[in-house]
1. So how do His124, His198 line up by other beta-carbon neighbours within 10 Å, fewest first?
2. Residues of region 194-226 with amide nitrogen under 12 Å from the 7 Å Cα-to-Cβ point of Glu238?
3. Could you work out the local net charge near Thr136, counting Lys and Arg as +1, Asp and Glu as -1, over the other residues with Cβ closer than 13 Å to its Cβ?
4. Using a 10 Å cut-off around each Cβ, can you sort Lys176, Lys155 from fewest to most neighbouring Cβ atoms?
5. If contacts are Cα pairs under 8 angstrom and at least 6 residues apart, what is the relative contact order of the chain in percent?
6. Which net charge results for the neighbourhood of Ala119, defined as the other residues with beta-carbon distances under 12 angstrom from its beta-carbon, given Lys and Arg at +1 and Asp and Glu at -1?
7. Count the net charge of all other residues whose Cβ sits under 15 Å from the Cβ of Met150, scoring Lys and Arg as +1 and Asp and Glu as -1.
8. So which of Lys73/Lys185; Lys32/Lys140; Lys32/Lys263; Lys155/Lys176 end up more than 32 Å apart by C-alpha?
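Since every read-out is calculated from the coordinates, none of them should be taken as a lab result. Here the structure is a predicted model, which means the values were calculated and not measured. Here the Cβ is made from the backbone with ideal geometry for all residues, glycine too, and neighbour counts use every protein chain on show.
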Amino acid sequence: MRVSILASGSSGNITLLETERTRLLVDAGLGKRETLARLAAIERDLDRLDGILITHEHTDHCGGLPQALGLWKAPLYVTEPTLGALRRILPDTFGKRLNRVESIQAGQCFSIGDIEIHAFALPHDAADPIGFTFRTNGTKVAICTDLGYMPNHVKLHLRETDCLILESNHDLDMLKVGPYPWVVKQRVLSRTGHLSNHAVSEFLADPEGFDSRARYLVLAHISQENNNPDLVRLSAEEALRRRPAEAAFTGEVLIASQHIPLKPLDL
Ligand SMILES: [Zn+2]
Ligand SMILES: [Zn+2]
C-alpha cells in the first residue's frame, strides 16, 4: 500500500491510498486546482478512483467533494448522518454529481477492491464523525484526526498499524494565549474538539495504548495558529523516549503539512 497525504489541517485534508488494484481518497478538502497540483507534485496522474471516503462534514474534509466527484465520478462512501449534513452544507452540484453512494457505519467492516476497511466512531462535533483503518496484504494503515480525546475503542483500532496518521492539533499553552475567540478555544479543548500535543504524548508514551509497531507515525491536522511542527515533533519524541526499552518505538516520526504533500509512504 502507498499512502500520500496531499494536505492536512484545518484548511483542507486529503489522503490518497493506493494498491496495485485499488485507489481511494479519504476526504476531499481542497478545490480542484489545488488537488490536481498536489497530485502532480507527487507525480500522480489519477485516471480513475475506486472510492471517495468522507470522515465528516466539516469543510476542511469535504469542501472540494463536488469537484472531486466531477473529476473522478467515483462512488462515495459515507454514513447516513454525514450524507444528510453534506447535502445541507454543500452546493447543489454535490447532489447532481452523486452517482453511487455506499452507506457505511461506524463499527462496520467493508472492502473496496483489495482493501479491507474498518470505520470507527470518533468523539468530534459533527453529525457522525468516523476514522478508518485500511488493510491489505498484512499491512495496516490508520487515519485518525478530528477527535476531542482518545476513547479506548479508538486505541484498539490503532493497534498493529504499520502507518498511523494521528492528529496532534494544538499546543495547550499556545491555544490559551492565541488569537481564537473564547468560544472557539472552548470548542477545540472540549471532549468533541481536537487532540492536543499533550493528549498525543500521553498516548504515545503508554505501551498499553500505543503498541509502537508503526513504521511511520505521522502527526497530522496541526493547527497553524496554535501549534508548530517543531513543537509537535519535540513533544512526540519526548513522549516516545519515556517508553520502556522493551516497547521502544523504532519507526519514523513524520509531520504532515497543510501546504505541501508529504512524501508518499510505501508499506
Ligand atoms: Zn478537520
Ligand atoms: Zn472536524
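1. Sorted ascending by nearby Cβ count, the order is His198, His124.
2. Output list for this probe position: 197-199, 201-202.
3. It works out to a net charge of -2.
4. Lys176, Lys155
5. 19 percent
6. Once all neighbours under 12 Å are counted, the net charge is -3.
7. Net local charge, Met150 excluded: -3.
8. Lys73/Lys185
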